[in-house]
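Peer 1: Mind looking over this structure? Questions follow.
The values are calculated or read from the model by the stated rules, or taken from the named source; none is laboratory data. As the structure is a computational prediction, the values presented were derived from the model and not from experiment. Note that each Cβ is placed from the backbone with ideal geometry, even for glycine, and that neighbours are counted across all protein chains shown.
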Ligand SMILES: [Zn+2]
Ligand SMILES: [Zn+2]
């Protein structure tokens, strides 16, 4: 776990909600969770706190799926799979290939890429049925 620093209790509650799931939630979902503890919290407040968490390196954006930003409390680079039908966002393991892709692009362009954010799009097991 990272240092808890001196987050406000609300920001800590927002981060806890984000870390409580592997589903890469929307800001709206996080807001609903935090409302159990702080019924009067507004979506704007949650947005503002999440923006700060992102800036401080405690959260990242996976991307926009069906019009909603999807968040991730796992901030080390990792590839994702996004289902086009049910909008599920899941982590997939692909460490070796990422290194190989960085090496390939570095060789080709003379740059020094250290990471690449890979996102796969398609249909999850359920949605293929
Ligand atoms: Zn699906
Ligand atoms: Zn993830």
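Peer 1: Of the residues 98, 55, which is within 24 Å of residue 123 (Cβ to Cβ) and either surrounded by fewer than 18 Cβ atoms within 10 Å (Cβ to Cβ) or away from ligand 1 (no atom under 16 Å from the Cβ) (or both)? I'd like the intermediate steps shown before the answer.
Peer 2: Numbers: 55 fails: within 24 Å of residue 123 (Cβ to Cβ).
Among 98, 55, only 98 is within 24 Å of residue 123 (Cβ to Cβ) and either surrounded by fewer than 18 Cβ atoms within 10 Å (Cβ to Cβ) or away from ligand 1 (no atom under 16 Å from the Cβ) (or both).
Peer 1: A follow-up question, please. Kindly evaluate residue 39 against the criterion of being in a loop (DSSP other than H, G, I, E, B), without any contact (Cβ under 8 Å) to a residue 12 or more places away in the chain and either within 14 Å of ligand 2 (Cβ to nearest atom) or on the phi < 0 side of the Ramachandran plot (or both). Break it down stepwise before answering.
Peer 2: Details: in a loop (DSSP other than H, G, I, E, B): yes; without any contact (Cβ under 8 Å) to a residue 12 or more places away in the chain: yes; either within 14 Å of ligand 2 (Cβ to nearest atom) or on the phi < 0 side of the Ramachandran plot (or both): yes.
So residue 39 fits the description; yes.
Peer 1: Go through the stretch 52-66 residue by residue and tally those that are within 10 Å of the chain's Cα centre (by Cα) and part of a strand (DSSP E or B).
Peer 2: The qualifying residues number 4.
Peer 1: Does residue 97 satisfy the criteria of being within 14 Å of ligand 2 (Cβ to nearest atom) and either outside any strand (DSSP E or B) or modelled with pLDDT of 95 or more (or both)? Steps first, please.
Peer 2: On the way: within 14 Å of ligand 2 (Cβ to nearest atom): no; either outside any strand (DSSP E or B) or modelled with pLDDT of 95 or more (or both): yes.
The answer is no for residue 97.
Peer 1: Sort through 28, 97, 32, 69 and tell me the only one that's without any contact (Cβ under 8 Å) to a residue 40 or more places away in the chain, under 19 Å from the mean Cα position of the chain (by Cα) and under 30 Å from residue 129 (Cβ atoms). Before you say what the answer is, go through the steps one by one.
Peer 2: Details: 28 fails: without any contact (Cβ under 8 Å) to a residue 40 or more places away in the chain; 97 fails: under 19 Å from the mean Cα position of the chain (by Cα); 69 fails: without any contact (Cβ under 8 Å) to a residue 40 or more places away in the chain.
Within the list 28, 97, 32, 69, the selection yields 32.
Peer 1: Considering only the stretch 72-87, I want to know if a residue exists there that is within 16 Å of ligand 1 (Cβ to nearest atom), outside any helix (DSSP H, G or I), surrounded by 14 or more Cβ atoms within 10 Å (Cβ to Cβ) and outside the structural domain of residue 127 (by TED's automatic domain parsing). Walk me through how you get there before you give the answer.
Peer 2: Taking the stretch 72-87 first, the residues within 16 Å of ligand 1 (Cβ to nearest atom) are 80-87.
If we keep only those that are outside any helix (DSSP H, G or I) too, we end up with 80-87.
After this cut, where a residue has to be surrounded by 14 or more Cβ atoms within 10 Å (Cβ to Cβ) as well, the list is 80-83, 87.
Filter again for outside the structural domain of residue 127 (by TED's automatic domain parsing), leaving none.
No.
Peer 1: Please state which of the following conditions residue 87 fails to meet, knowing it meets all the rest: (1) free of Cβ contacts under 8 Å to residues at least 24 places away in the same chain; (2) more than 30 Å from residue 129 (Cα to Cα); (3) more than 10 Å from ligand 2 (Cβ to nearest atom).
Peer 2: (2)
Peer 1: Would you check which residues across the stretch 101-129 are in a helix (DSSP H, G or I), without any contact (Cβ under 8 Å) to a residue 24 or more places away in the chain and surrounded by 10 or more Cβ atoms within 10 Å (Cβ to Cβ) and list them? Reasoning before the result, please.
Peer 2: Quick first cut of the stretch 101-129, residues in a helix (DSSP H, G or I) only: 101-109, 125-128.
If we keep only those that are without any contact (Cβ under 8 Å) to a residue 24 or more places away in the chain as well, we get 101-109, 125, 128.
Once the filter is applied, which keeps residues that are in a helix (DSSP H, G or I), without any contact (Cβ under 8 Å) to a residue 24 or more places away in the chain and surrounded by 10 or more Cβ atoms within 10 Å (Cβ to Cβ), the stretch 101-129 yields 101, 102, 103, 104, 105, 106.
Peer 1: Which condition breaks for residue 49 when tested against (1) within 12 Å of the chain's Cα centre (by Cα); (2) on the phi < 0 side of the Ramachandran plot; (3) crowded, with 17+ Cβ neighbours inside 10 Å?
Peer 2: (1) is the only condition that residue 49 fails.
Peer 1: Pick from 65, 90: which is assigned by TED's automatic domain parsing to the domain that holds residue 20, within 18 Å of residue 25 (Cβ to Cβ), within 13 Å of ligand 1 (Cβ to nearest atom) and surrounded by 13 or more Cβ atoms within 10 Å (Cβ to Cβ)? Talk me through it step by step, then tell me what you get.
Peer 2: Numbers: 90 fails: assigned by TED's automatic domain parsing to the domain that holds residue 20.
Only one candidate passes the filter, namely 65.
Peer 1: Further, regarding this structure: Condition test on residue 114, is it more than 24 Å from residue 25 (Cβ to Cβ) and not assigned by TED's automatic domain parsing to the domain that holds residue 64? Outline the logic, then answer.
Peer 2: Values: more than 24 Å from residue 25 (Cβ to Cβ): yes; not assigned by TED's automatic domain parsing to the domain that holds residue 64: yes.
Against the criterion (more than 24 Å from residue 25 (Cβ to Cβ) and not assigned by TED's automatic domain parsing to the domain that holds residue 64), residue 114 qualifies.
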